[in-house]
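A quick write-up on the structure given underneath.
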Amino acid sequence: MTQAVIEQKKLRWGILGAARVNERLLPAITEAPNAQLVAIASRRAGAAKATLQKYAPCHASEVQCYDEMDALINDTNVEAVYCPMANNEHADWALKAINAGKHVLIEKPMALTVADIERIEQAALKNNVKVMEGFMYRFHPQHARIQEIVASGLIGDVLSARASYSFLMRPARMYRIASAVAQGGGAMWDIGPYAIHSLRWVMGLQVGSNKVQPLEPVSVMAHAKLNDVGADIVTSGVLDFGRDAEGRALFGHFDVSFERSRKSEYEIIGTKGWVKCHAAWVFQNDVPVISWATEDGKYTEERFAPSNHFNLEIEHFSDCVLNNQPTHLTFSDAKANCKAIEAVLESVASQHLVKMD
């Protein structure tokens, strides 16, 4: 007897905006087995259609293209919205989508203030929808392996970490530094969220534990180079994570820049050795590498099969909505990351150490 084939349910997605990140996210939605792209919108006439034709031409006949953002928000066929708008627009557009009953994946940063994230959280609870900040890198299997290495005790207790994220600013990306940091411009709001997020995560890793509980900094000291409009081109600093149970200092060093070549690495230093992620930003066909070394002279490199973390992120969020499961990244995490970034920028402005409550 032939068993009927049950077609997998798919979450119907809409994309707000024709942002550059659609080069990776738009194909991720069309390729995910539990997702379907049904609409894309842009305020620029013809931009939505052009983006679809560029990144997923074979789906052109299946996707509704809008030249007006509210049209997508009001489209009853759209169940979930991806929001890759300008940083200072994330909160307002996310709230519009949430209040229309849509689930929302918001490109990092979720918002520019903790207060705005709290508004988004309350709206999500009221409308019973899922909302998550889009840190795609956390879904790549190389980070789970790093967590395993730390949990095994191989490098001992985690006492320090560093995170370096950068790329060379080119003419097509100048919009990233056209606004002051108060309006979401500059490196700290663009690539800084990755640095702060990865430091908070790795500093919370513990020997003998597979739980992911980020450690939160207690203070920060940071320096930056600003352009004429007040956007940071480079920002570096130190997050103080306090002391461990034995009174040892816990520090996280970060560096983000638009003046340097592409880099997205973090390194964890423990009492017995270290482990390093060589590239948190990986392309679909890249071969990810992590390495680790111990005090007794052992050194190892581990390579992973290519894996698309954007696809994994879309599959995860779609699964959470379809099966009513909690998202891997929480509102608490988003608020803590934003709080740390706000403190970094306050330190840059005041040129003083900023303590965090």
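For PHE241, the solvent-accessible surface with a 1.4 Å probe is about 10 Å², rounded to the nearest 10. Along the charge dipole of the chain, Cβ charges K/R +1 and D/E -1, which of VAL289, GLY156, VAL212 sits furthest on the positive end? Comparing the listed Cα positions along the dipole, VAL289 ranks first. With contacts taken as Cα pairs under 8 Å at a separation of at least 6 residues, the range 135-241 carries a relative contact order of 27 percent.
Ignoring any ligand, DNA or RNA, what whole percent of the accessible area of the range 257-315 comes from carbon and sulfur when the probe is 1.4 angstrom?
48
Judged by the ratio a/c of the largest to the smallest principal axis of the C-alpha gyration tensor, the range 246-291 counts as oblate, that ratio being 1.5 or greater while a/b is no larger than b/c.
The average projected area of the range 88-205, computed from the convex hull of its Cα atoms over all directions, is 9.3 nm².
Please state the charge dipole magnitude for the chain, taken about the Cα centre, from unit charges on C-beta atoms (+1 on K and R, -1 on D and E), reported in debye and rounded to the nearest 20.
Values: 36 positive and 41 negative charges, 81 e Å.
So the dipole magnitude of the chain works out to roughly 380 debye.
Taking all protein chains together and rolling a 1.4 Å probe, HIS223 ends up with roughly 100 Å² accessible.
Let a ≥ b ≥ c be the square roots of the eigenvalues of the Cα gyration tensor of the range 125-186; is it rounded (a/c under 1.5), or, if not, prolate (a/b larger than b/c) or oblate?
Details: a/c = 2.58, a/b = 1.42, b/c = 1.82.
Note, shape of the range 125-186 comes out oblate.
Relative to its residue count, the range 185-334 spans a Cα convex hull of 166 Å³ per residue.
Could you tell me how many degrees, from 0 to 90 and to the nearest 10, lie between the Cα long axis of helix 114-127 and the main elongation axis, the longest principal axis, of the Cα atoms of the chain? Relative to the chain, helix 114-127 is tipped by roughly 40 degrees. Each residue of the range 140-156 was assigned a 3J(HN,Hα) from its phi angle through the Karplus expression (A = 6.51, B = -1.76, C = 1.60, θ = phi - 60°), giving 7, x, 5, 6, 5, 5, 4, 4, 4, 4, 5, 4, 5, x, 4, 9, x Hz with x at Gly and Pro.
Could you size up the charge dipole of the range 212-357 around its Cα centre, putting +1 on the beta carbon of Lys and Arg and -1 on that of Asp and Glu, and report it in debye to the nearest 20? Numbers along the way, then the final one.
Working: 13 positive and 22 negative charges, 41 e Å.
Dipole size: approximately 200 debye.
Entry note, the range 38-109: relative contact order of 29 percent, from Cα contacts under 8 Å with a spacing of 6+ residues. Among HIS309, ALA182, SER198, whose Cα lies farthest out toward the positive end of the dipole of the chain, if unit charges sit on the beta carbon of Lys, Arg (+1) and Asp, Glu (-1)? Result: HIS309. Averaging the sequence gap over all C-alpha pairs within less than 8 Å and six or more residues apart, then dividing by the number of residues, gives the chain a relative contact order of 18 percent.
Taking Cα atoms only, the orientation of helix 309-322 departs from the longest principal axis of the chain by about 60 degrees. Partners of LYS9 within straight-line reach, counting aspartates and glutamates whose Cα lies under 15 Å from its Cα and excluding those fewer than 8 residues away in the same chain: GLU31, GLU79, GLU315, ASP319.
Probe radius 1.4 Å, ligands and nucleic acids ignored: give me the carbon and sulfur share of the accessible area of the range 32-119 as a rounded percent.
Numbers: 1650 of 3550 Å².
Reported share for carbon and sulfur atoms: 47 percent.
With unit charges on the beta carbon (Lys/Arg positive, Asp/Glu negative), name the residue among CYS65, ALA41, TYR137 whose Cα is farthest towards the positive pole of the charge dipole of the range 1-142. Value: TYR137. Bridgeable lysines around LYS263 (alpha carbons under 28 Å apart, same-chain partners fewer than 8 residues away excluded): LYS54, LYS108, LYS211, LYS225, LYS272, LYS276, LYS298, LYS335, LYS339.
Of all beta bridges DSSP finds with both residues in the range 206-313, what is the antiparallel percent, to the nearest 5?
Details: 30 of 31 bridges.
Of those bridges, close to 95 percent are antiparallel.
The calculated 222 nm mean residue ellipticity attributable to helices in the chain amounts to -9500 deg cm²/dmol, summing -39500 (n - 2.57) over DSSP H runs of n ≥ 4 and dividing by all residues. The alpha carbon convex hull volume per residue for the chain rounds to 164 Å³. Taking Cβ atoms as reference points and 10 Å as the exclusive limit, the residues near GLN142 contribute a net charge of +1, counting Lys and Arg as +1 and Asp and Glu as -1.
Per residue, the chain exposes 45 Å² of accessible surface when a 1.4 Å probe is rolled over the protein heavy atoms with every protein chain present.
Quick check on the range 257-357: take the gyration tensor over C-alpha atoms, sort the square-rooted eigenvalues as a ≥ b ≥ c, and tell me if it's rounded (a/c under 1.5), prolate or oblate.
Details: a/c = 1.73, a/b = 1.05, b/c = 1.65.
Oblate, since a/c reaches 1.5 and b/c is not below a/b.
Using a Gaussian network model on the chain with a 10 Å cutoff between Cα atoms, which of LEU16, LEU154, LEU37 fluctuates the most? Comparing LEU16, LEU154, LEU37 in a Gaussian network model of the chain, the most mobile one is LEU154. For every other residue with a beta carbon closer than 12 angstrom to the beta carbon of LEU345, add +1 if it is Lys or Arg and -1 if Asp or Glu, then tell me the sum. Net of charged neighbours comes to -2.
Per-residue 3J(HN,Hα) values for the range 217-234, derived from phi via the Karplus relation 6.51 cos²θ - 1.76 cosθ + 1.60 with θ = phi - 60°, read x, 9, 7, 8, 10, 9, 10, 8, 10, 9, 8, 5, 9, x, 8, 7, 8, 9 Hz in sequence order (x marks Gly and Pro).
For the range 332-342, backbone phi angles converted through the Karplus equation (6.51, -1.76, 1.60; θ = phi - 60°) give residue-by-residue couplings of 4, 5, 4, 5, 5, 5, 5, 4, 5, 5, 4 Hz, Gly and Pro being listed as x.
Where a Cα-Cα gap under 18 Å defines reach, which aspartates and glutamates qualify for LYS49, not counting those fewer than 8 residues away within the same chain? Answer for LYS49, where 18 Å is the Cα cut-off: GLU23, GLU62, ASP67, GLU68, ASP70, ASP75, listed by chain and number.
The values are calculated or read from the model by the stated rules, or taken from the named source; none is laboratory data. None of the values given here were measured: they were computed from a predicted structure. Cβ atoms come from the backbone with ideal geometry, glycine included; neighbour counts cover every protein chain shown. What goes into the accessible areas is simple: the full protein's heavy atoms, side chains included, and nothing from ligands, DNA or RNA. Shrake-Rupley method; radii C 1.70, N 1.55, O 1.52, S 1.80 Å.
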